[in-house]
Every structure is written in C-alpha cells, then in structure tokens.
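Below is one structure, written out as structure tokens; comments come after it.
Here, each number is a calculation from the coordinates, and none is a lab measurement. Please read all numbers here as calculations on a predicted model, not as lab measurements. Glycine also receives a Cβ, built like all others from the backbone with ideal geometry; neighbour counts cover every protein chain displayed.
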Amino acid sequence: METIVLGGGCFWCTEAVYVQVRGVTDVESGYANGHVEQPSYEQLCTGATGHNEVVRLTYDPALISTRQVLEIFFAVHDPTQLNRQGNDVGTQYRSGIYFTTDAQRAEAEAIVAELTTERAYGRPIVTEIVPLAAYWPAEDYHQDFFEKNPYQGYCMAVAAPKVAKFRKTFAQLAR
C-alpha cells in the first residue's frame, strides 16, 4: 500500500471522486503542510495557517498505479488556477501533490512536464509538488461529506460534475 496527499481545491470534491476509484482503499479529508498543529477548519479558512485542504489517499499499486491516481487528479481539477478552484479562493485551495516517496515525486514531475509540453491546459500548471511535511485529519463532519450530503447545493453544483467526469473519463477505474 502507498499513501499520497492531494490538494485539488475543496476536499469534499476530491474525496467524492477518489472514494469511487478501484484500488484506492482509504480516502480522508484533511489539512497539509501548514505551520499550525491540529488546525481547525475555521483557522484554515483564514488562510493564515499555511495549510492546504487535501485528501490523503491510501492505494494498492497492484490495482492502480501512481500515474493513474495522478491522471485522475489532473482531470478533475484545474491545475492552472493559483490559490483557487472556481469560487473557492485562498491559499488553502491551491493545487498540490504532497508525495511520500521519491517515485511519487518523479511521476508527478513527469506528468506535469508532459502536460506542459502538450499545452494541455493553455495556461501554465501551478501545482506544487513537495514532500508531505505535516498532515492533520479534518473534522468528522467533513469526512464522506458528498456521500452524506449529495443534495447539498455545493455538492450538486461542484462535486457531482467532477464525479460524473471521473466516471465518464476513467470508467475502467471506477468501482
């Protein structure tokens, strides 16, 4: 099993996608790479803690490769938006890959280089690729948020389309 932490904007959306991925055995919403221990959501929202809203994924590389995990990541968020995703604005919504192995770092850098060469987005990719330095789980009410609240407005408007895009684009990886 491997663990990688991804920041793709609101963690509700990112979590909603990855819980549907075959080979991903655990998905947890949390906060990464800030300078405050055990930050609260309220602290995070100020943008002053340095943390990013993330999901921590545990996955089985025999069932899904790091490359596939990252291909999904780049397909379901906009890696060209600095410190935002859509209407979610602030450093806590930055695009980030927080690797736990050198192989993950190398794969992330390779994919960004390929996407840049292909000009896949028409704008520069701003995704930070850095080691996971700190991780704190988000509060319980954030865990499995989309699953528990599929008809909540934000979930319907933002998370559901990302899940649909994943299911269409990566049908072979869907549970």
_If I model a spin label at residue 22 and residue 165 as a point 7 Å from the Cα along the Cα→Cβ vector, what separation in nanometres do I get?_
2.3
*Can you tell me the relative contact order of segment 2-173? Whole percent, Cα pairs under 8 Å, sequence separation 6 or more.*
32
*What is the distance, in nm, between label points placed 7 Å from the Cα along the Cα-to-Cβ direction at residue 121 and at residue 139?*
3.0
*Cut-off under 5 Å, modelled amide H: who pairs with residue 135 long-range*: 33
*Could you give the length gained on full extension between residue 46 and residue 149, defined as 0.36 nm per residue of separation minus the Cα-Cα distance, in nm?*
34.6 nm
*Whose amide H sits under 5 Å from the amide H of residue 101, counting only residues 5 or more places off or on another chain, with H placed in the peptide plane?*
none
*Please turn the phi angles of segment 92-105 into ³J(HN,Hα) values with the Karplus equation 6.51 cos²θ - 1.76 cosθ + 1.60 (θ = phi - 60°), one per residue in order, whole Hz, x for glycine and proline.*
6, 10, 5, 7, x, 10, 10, 7, 10, 9, 5, 5, 5, 4
*Take the Cα pairs of the chain, get the Kirkwood Rh, then feed it into Stokes-Einstein at 20 °C and 1.002 mPa s and tell me D in µm²/s.*
134
*Packing-based order for 47-54, 97-104, 82-89, using average beta carbon neighbours within 10 Å, highest first*: 47-54, 97-104, 82-89
*Positive-end residue of 103, 81, 4, charge dipole of the chain with Cβ unit charges*: 81
*Taking the Cβ of each residue in 45, 10, 155 as the centre, tally the other Cβ atoms inside 10 Å and list the residues starting with the fewest.*
45, 155, 10
*Could you pull out every residue, at least 5 positions away or on a different chain, whose amide H is within less than 5 Å of the one on residue 174? Hs are placed 1.01 Å off N in the peptide plane, and Pro or chain starts have none.*
22
*Packing rank of 138-146, 26-34, where each peptide gets the mean count of other beta carbons within 10 Å, highest leading*: 26-34, 138-146
_residue 157 paired with residue 89, simple spin-label distance in nm, labels 7 Å along Cα-to-beta-carbon_ = 1.5
